[in-house]
Amino acid sequence: MPKPAAPTRSTLLGTSASIFLIRFLPTLASVLALVWLSRTMPPAWYGRYQGFWVQWQVLHVVACLGLPTVLLTYPAAAVNGLAEQLHRKQWLGLAAWAGLNALVLLLTQRYTGSPFAGWQVALFLLLNVPVAVLEAYALLGRQFRSVALVSFGYAGLFALSHGLLATHHIGSSWLMGLLLLGNGLRLLLLVRLARQQFRRNQTGTPPPVGLRHLWLHTALNEVVQILFRWVDKLALSLLLPAALFALYFNGTLDVPFLPLLLGAAGSALLLHFHEPNVSDAERVQLLKATATLLGRLVFPLFFFLVLFRRELFGVVFAHRYDAAVPLFLLSSLVIPLRAYNFTALLQHKGQGRIITTGAVLDLLLALLLMYPLYRWLGLGGVALAFVVSTWWQAGYYLRHTARLLNQPWPALLPLRAWAVQLLGVGLGLLLLHEVLVRWLPEPGVLWTGAGVVLALLAAQLWQARRADG
């Protein structure tokens, strides 16, 4: 007789893969744009360009008010019921809130010297708020293929427009004009998908008790989390000269596919946690199984980025940002935490207060450590402050999850599997790097190491897919 949780695990991997692929190509396009512009554009222009994206990232999350995450937390019928209960004034209030954030973005861009027109940056934020909400609604209805086509089309336009800019065929205004066109088309297509889904689930159920309370805490938590992730870059984009900010930005850049991978796994976990007849014990096993798979993907990337960091900056950025390598090493110390979703069970249990408290304390700790560590290590101290507070936050969430489930915290982690993965991958890549640097030039070291890691990741994914049948 099969285990009750087995179908859920199998479906979870497929759901995670679908969500990851939907978000993969847009992220890949942004990475290509970052590399192209780092190599071809003056550091001052590049710093202003990345300053726009930092400010947009923060204000976009603030404007969305946690709605995309809330939509994925409940069944479609409950979401439809919530939409039906919102009055016209409340809808207008949400629209006005998005407009206020667009105005703030316009003003901050004027202050820092935006490469784009003010109306363009404001309209870009206004279009992306409903895009994010409608995409989450479509994912709730398992419209993965349609959302993927929309996402891939926008990614292609994003990469093409940045390629034209990097080769000096268009200017900054034309770049943003093309992005606005792409977002307008994306919004129209997602509206159509949302209508199709709403017609299939027209009968809404009353929202669960506590939904609005969770919505409030989700919004607060996401605002605090985005501030934690970007507050250093946000502040420095306003304070530092653009060229120096460009150096700090590249040195502390998040490895883009890791948050993407964790976000996809987290969204899939939330979708499957509320399925019927799944016990807490099965949810814990599902979380541990996901963490084991994530460890097989995250740990090779971590050791590759740490061991091959000098070759990475030398080849990819053409030695233009070598001074950022120490910053990159420090900021990479949070990467192992990407192998676990520390808030999934808390969110499923409606523990928004714990999530918000942890996020606020995390941000406060980082801000408290930032200045003394800056005095000690310079800009590296700013990066280290966020590394320390991130590890503290992970422990805080893990301790509260263990208390909620009345289990010891080690029982929530696949410690034995992680230990084997860390030891095996770490020693293997260290040996590989030492051999390569003796025999190959810098580009050969990087691309050979990258090829080995990509082959390893592909093998891990194939093996996981085969195991789930």
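Counting beta carbons within 10 Å around each of GLU434, GLU282, GLU442 and listing the fewest first gives the order GLU434, GLU442, GLU282.
The residues LEU240, LEU107, when put in order of fewest to most other Cβ atoms within 10 Å, stand as LEU107, LEU240. Placing R0 at 41 angstrom, the Cβ-Cβ distance between ARG192 and LEU164 gives a FRET efficiency of 0.90 after rounding to 0.05.
Here the simple spin-label model places points 7 Å from the Cα toward Cβ, and for LEU415 and ARG145 these points are separated by 4.6 nm.
Distance between the pseudo-spin-label points of ARG200 and ARG375 (7 Å out from Cα toward the beta carbon): 6.0 nm. Computed from the C-beta positions of ALA455 and ALA77 and an R0 of 30 Å, the FRET efficiency is 0.10 to the nearest 0.05.
Over all other residues within a Cβ to Cβ distance under 15 Å of LEU189, the charged ones net out to +3, with Lys and Arg as +1 and Asp and Glu as -1.
Take the Cα of LEU244, step 7 Å toward its Cβ, do the same at ARG403, and the gap between the two points is 4.3 nm.
Just round it to a whole percent: the fraction of Cα-Cα distances in segment 36-157 exceeding 25 Å. Could the numbers behind the result be given before it?
Working: 2722 of 7381 pairs.
So the portion of pairs separated by more than 25 Å is 37 percent.
Exposure proxy for MET176, MET41: other Cβ atoms within 10 Å of each Cβ, ordered fewest to most, give MET41, MET176.
With distances taken between every two different alpha-carbon atoms, segment 6-467 has a Kirkwood hydrodynamic radius of 23.3 Å.
Bear in mind that the values in this text are calculations on the coordinates, not laboratory data. Predicted model only: the values in this text are computed from it and were never measured. Don't worry about glycine lacking a Cβ; one is built from the backbone with ideal geometry, like all the others, and counts go over all protein chains shown.
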